[in-house]
Structure formats: structure tokens, C-alpha cells
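Here the structure is laid out as C-alpha cells; the discussion comes afterwards.
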Amino acid sequence: MKVDSKNKKSQKLWGGRFEEATAASVEAFTESISYDRRLYSYDIMGSKAHATMLAANGLLSNEELTAIIDGLSSIETRIDEGNFAFKSELEDIHMNIEKALIDDIGPAGAKLHSGRSRNDQVALDFRLYLRDQCDCFMLLLDEARRAVVSLARKYMGQVMPGYTHTQRAQPVLISHHMMAYYEMFGRDGERIADCRKRINISPLGAAAMAGTGLPIDREMVADLLGFDGVTANSMDTAGDRDFAIEFLSCCTMIQLHLSRLSEELVLWSSQEFAFVTIADKFCTGSSIMPQKKNPDIPELIRGKSGRVVGSLMSLITLTKGLPLTYNRDLQEDKEPVFDAVDTVSASLSIMAEMLANLSFNSQRLEEATKTGFMTATDLADYLVLHNVPFREAHGIVGRAVAVCIEKGCELTELSLEQIREFSPVIDKDVFEVLSVEGSVNSRISTGGTATLRVEEAVQAAEKQMGIVGD
Ligand code: ARG
């Protein structure tokens with residue numbers, strides 16, 4: 001790009017000490033308005049509160065305050081309606097709005113920035129924005145939880161294989177498996193709520209980084225904006241992005257949970273498993289293989305975890321080794337956060353929608369529990385209840401399984417005589433223990449898969465989510 005700066009004094013709001021206009025290439029390289037315009041409503045909200053406080057402390061007259069508030073409202077309307085010309089030569093959202101205000105209302109507009117710096121202003125906008133995102137995420141997580149609970153309710157009492165190492169392990173209820181995600185999304189919500197506490201502290205008044213000598217009232221601004229308090233150290237405040245890193249780590253955890261669920265849905269919808277059917281409208285076809293029905297939604301959710309983890313890594317790397325306080329590097333904090341917000345909210349809401357369009361192939365799932373010696377642990381527990389030490393019981397059942405593998409049958413297919421050969425303590429009540437239903441319903445320990453426990457868990461969840469049970 002051509003640099004045409006000769007004999008042209010800087011027109012910037014900060015241009016007083018500059019002899020030359022900024023090079024066009026520098027403007028293009030340093031601007032953030034192309035993405036931080038997303039913060040406009042928060043910038044305006046913050047400026048209105050700041051102006052109100054300035055007037056209350058004698059730094060603005062009432063007329064000036066009214067002019068500023070009205071001016072800011074009209075700028076907001078213009079931006080809302082797409083009638084505002086953002087200028088990259090004005091760098092960022094803060095200066096685009098401030099310059100427009102000065103152009104619109106004159107000298108009163110030029111007083112707005114008293115006692116404030118863009119360093120505390122950008123921290124304010126970012127915190128206000130993230131506070132709203134926390135609230136949105138909590139709603140979206142609840143939606144996902146509700147979708148999980150309604151599946152758990154729909155398939156209550158039906159069984160499927162539970163896995164460890166992707167090997168059939170023990171039979172469980174479909175509802176128990178789905179309710180595992182209810183717990184994960186619940187913890188995600190708690191983490192967001194906790195992160196919100198640290199976001200919701202007002203940075204305004206830290207000014208450039210050392211505070212200000214002007215008579216400002218930080219607590220008043222904090223109150224006006226619904227913050228829970230004000231930050232304690234101006235230097236920390238100007239350079240702090242912990243709250244954004246924490247937010248991204250919450251985002252990452254949500255996306256990881258979504259990704260694990262997605263991975264299961266991809267596996268389960270394959271012909272090899274055929275455990276679930278994802279409705280046609282949530283799948284796509286292949287451009288070459290007419291028979292294909294692909295689980296693109298869970299695949300993409302799984303794939304998008306890469307960018308969310310990447311956003312977290314960017315911000316961590318960005319802040320590592322930064323000296324106090326504000327450094328321009330920090331301008332790079334916004335795009336990863338915006339991208340993570342968009343990605344995680346889209347993934348959460350499409351997941352909830354997809355779950356509502358998912359059906360389990362119950363019969364196939366039940367059949368799958370009947371092979372693979374999934375009740376072998378129950379037999380070992382049976383022996384333990386008959387006073388056989390667990391390690392010995394484990395060995396006995398292992399030998400029984402080996403014999404079954406040789407015979408090509410399941411444990412349930414052995415006769416009482418055959419099974420008693422492994423241990424004389426075994427009696428005919430063993431067959432109840434070896435049945436899938438008996439196995440599932442015996443697991444009544446807190447958090448276990450017995451229908452009794454899962455029903456309790458689902459009822460508690462329905463209550464928590466405000467869902468009226470059947
Ligand atoms: N656009 C800047 C950012 O996003 C605003 C703060 C600029 N502060 C400064 N002293 N240049 O970080």
C-alpha cells in the first residue's frame with residue numbers, strides 16, 4: 001500500500017504530538033474495528049455510565065450529560081440499523097464511537113474520555129460482553145440438559161452395553177448413559193457461573209494503568225453497570241486477561257463434552273454398531289455414493305473442538321511473558337474469544353436439536369447386552385456374597401469365561417451342573433444374577449445403573465429443569 005503522509009498532520013484523536021499522518025499500511029495492520037465492532041453496545045453502555053458518573057462529580061454539566069447520552073443513543077441506533085460508517089483509520093470501536101460523538105455534539109463529546117483510558121475501557125467492554133455470554137451459555141447448557149433428560153425419560157428401563165476400553169463391559173440403562181452427559185453439562189454450567197463472578201468486577205477507573213487524579217467514583221459506575229464490585233489494583237486491571245482465559249477454558253470443557261458425545265453418536269450410527277438412528281434432516285448424503293447417510297453434525301462438532309482448544313492456546317500464549325500492564329498484544333485477545341463463543345453456542349444448540357431427533361434402536365441394544373459375558377462381574381460378586389474372596393472369585397469366573405469361549409456359548413447357556421463345576425457355592429439363583437436385567441437392577445449403589453437409581457436421577461433432573469414428568 002502506498003504511504004502518502006507528507007505534509008499531512010495526524011488527524012487522530014491521539015495525534016497531537018505527531019508531525020506525520022499514520023502510514024496506510026500501519027492503519028491496516030493495527031486496526032481492530034473489523035472485529036471489535038461486535039462490542040459496540042457494551043462500549044456505549046459503559047460510556048453512558050461513565051458520563052453519568054462524571055456529571056455526578058462535577059466534571060460534566062447536566063446539559064453536557066444529556067447531549068452525551070442522547071448522542072450515544074443515536075449512534076447506537078445508527079449502528080443497530082446498519083447506518084454507521086466504521087472507519088479503520090479510527091482503529092477501534094472506542095475511537096469510532098467517540099469521534100462520531102464529537103462530530104455530532106461538539107465540545108461536550110470531547111469531555112467524555114476524562115478520567116478514563118482505552119485500556120480500562122476495552123477491559124470494561126470485554127467484561128460486559130463476556131458477562132452476557134456467560135448468561136447465554138447457561139441457557140444453552142440447560143437446553144442441552146433438557147434434551148438429554150427427555151431421551152433418558154423416553155428410554156427408561158431399556159438396556160445397552162456399557163463399555164470400558166471400547167470393549168463391552170457391563171450392561172447399563174440407556175438412560176444412565178445419557179444422564180452422564182446431564183452431569184457433564186451441569187458441571188459446565190457451574191464452571192461458567194463461577195467464572196462469571198470474576199468477570200463481573202468493574203475495571204473502569206484503572207485508567208491507563210495507574211488510576212486517575214480526577215475526582216471519579218468507581219463504585220458508582222460499577223453499580224450503574226450491575227457489577228459486583230471494582231478491581232483492586234489499577235496495574236493488574238490494565239493488563240489482566242485471566243477472566244478471558246478462564247472463560248475460554250470453560251468453553252473448551254463444554255466443547256470437549258460435546259465432542260465426546262459426538263464421537264459416540266458417530267460410532268453408534270455406523271452400521272457396525274447400529275445403536276442409534278439420527279433423523280434424515282440431521283444427516284447429509286455423499287456426492288458419489290448414493291447409499292450413504294453421514295453423521296456430519298456430530299463430526300463437525302467433534303472437529304470444531306480443535307478451534308476452541310486453539311483459541312484457549314492462543315490466549316494463553318498471548319499473555320505468557322507480557323510485562324505489566326497493557327501492551328498492544330492484548331488486542332489479539334478478541335478474535336479467539338469471539339470465535340469460541342460462536343463455535344460453542346452453535347454446537348450446543350445444534351446438539352440439543354439433534355438429540356431431539358435421535359432414536360435408539362432398543363432391540364439391537366438389548367441383543368448386544370446378551371453377548372460378551374457382560375454379567376461376568378455379577379457372577380464374581382455372587383461368589384463374594386457366598387464368602388469367596390474377590391480375587392479368588394475373579395479367577396473362578398475367568399476360568400468359566402475361558403471354557404465358554406472354547407464351547408462357543410455364553411455363561412447363561414451353561415447348565416447348573418456345568419457352572420457348579422467352577423464352585424460348589426453356586427446355586428440355581430445364579431441365573432437371575434447372570435441375566436441382564438438382574439445385573440442392571442442389582443447395581444443400586446448411589447450413582448449406579450439400577451432402574452431404581454436412574455429413575456430417581458431422572459426425576460431429580462426433571463424437577464431441576466422444570467420438566468413435568470410423565
Ligand atoms: N483496540 C485496543 C485493544 O483492543 C484498545 C486499547 C488500545 N489502547 C492503547 N493504549 N492503544 O486492545
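Pairs of Cα atoms nearer than 8 Å and 6+ residues apart set the relative contact order; for the range 340-429 it is 21 percent. Lysines near Lys293 by alpha-carbon distance under 22 Å, same-chain residues fewer than 8 away left out - which ones? Filter leaves Lys281, Lys304.
Under a straight-distance cross-link criterion of Cα-Cα below 20 Å, which lysines are reachable from Lys154, leaving out those fewer than 8 residues away in the same chain? Output for Lys154: Lys463. Under 5 Å between amide hydrogens, built in the peptide plane, is the criterion, and for Ala169 it picks out Gly162, Tyr163, Thr164 among residues at least 5 positions away or on other chains. Loop-located GluC sites (Glu not before Pro) in the range 236-310 (DSSP state not H, G, I, E or B) with no more than 16 neighbouring Cβ atoms inside 10 Å: Glu272.
Give the separation of the Cα centroids, the range 299-359 to the range 166-183, in Å. For the range 299-359 versus the range 166-183, the Cα centre distance is 29 Å. Rounded to the nearest 20, the size of the Cβ-charge dipole of the chain about its Cα centre is 660 debye, with Lys and Arg at +1 and Asp and Glu at -1.
Net charge within 11 Å of Ala108 by Cβ-Cβ distance, Lys/Arg positive one each and Asp/Glu negative one each, not counting Ala108 itself?
-3
Per-residue 3J(HN,Hα) values for the range 414-423, derived from phi via the Karplus relation 6.51 cos²θ - 1.76 cosθ + 1.60 with θ = phi - 60°, read 6, 7, 4, 4, 4, 6, 5, 4, 7, 6 Hz in sequence order (x marks Gly and Pro).
Residues whose amide H falls under 5 Å from that of Val159, counting only those 5 or more places apart or on a different chain, are Ile174, with hydrogens built in the peptide plane.
Treat the count of other C-beta atoms within 10 Å as a stand-in for reagent exposure and order Lys370, Lys334 from fewest to most. Intermediate values should be presented prior to the final figure.
On the way: Lys370 15, Lys334 22.
Ranked by crowding around the Cβ, least crowded first: Lys370, Lys334.
Sorting Asp228, Asp188, Asp333 from the fewest to the most surrounding beta carbons within 10 angstrom yields Asp228, Asp333, Asp188. For Met53, Met313, the sequence from fewest to most other C-beta atoms within 10 Å is Met313, Met53. List the lysines whose Cα sits under 23 Å from the Cα of Lys87, skipping any in the same chain fewer than 8 residues away. Within the straight-line cut-off, Lys87 pairs with Lys2, Lys6, Lys8, Lys9, Lys12, Lys48, Lys99, Lys111, Lys334.
In this simple spin-label model, placing a label point 7 Å from the Cα along the Cα-to-Cβ direction at both Ile69 and Met465 gives a separation of 4.4 nm. Ordering Gln331, Ala461, Ala24 by the projection of their Cα atoms onto the charge dipole of the chain, which places +1 on the Cβ of Lys and Arg and -1 on the Cβ of Asp and Glu, puts Ala24 at the extreme positive end.
In this structure, Asp80 and Ser286 have a Cβ-Cβ separation that, at R0 = 45 Å, corresponds to a calculated FRET efficiency of about 0.55. The slack between Asp427 and Arg17, meaning 0.36 nm per residue of separation minus the straight C-alpha distance, is 138.1 nm. Spin-label model, Met313/Leu267: points 7 Å from Cα along the beta carbon direction are separated by 2.5 nm.
Near Thr284, the amide H atoms lying under 5 Å from its own belong to Asn294, Asp296; only residues 5 or more places off or on other chains count, and H is placed 1.01 Å from N. Contact order for the chain, expressed relative to its length and based on alpha carbon pairs under 8 Å spaced 6+ residues apart, stands at 15 percent.
The Kirkwood hydrodynamic radius of the chain, based on inverse pair distances between different Cα atoms, is 26.8 Å.
A simple spin-label model places pseudo-atoms 7 Å from Cα toward Cβ; at Arg420 and Thr277 they are separated by 4.7 nm.
Each value in this text was obtained by applying a stated rule to the coordinates, not by laboratory testing. Owing to the predicted nature of the structure, the values given are computational and were not obtained by experimental measurement. Every residue, glycine among them, receives a Cβ derived from its backbone with ideal geometry; neighbour counts consider all protein chains shown.
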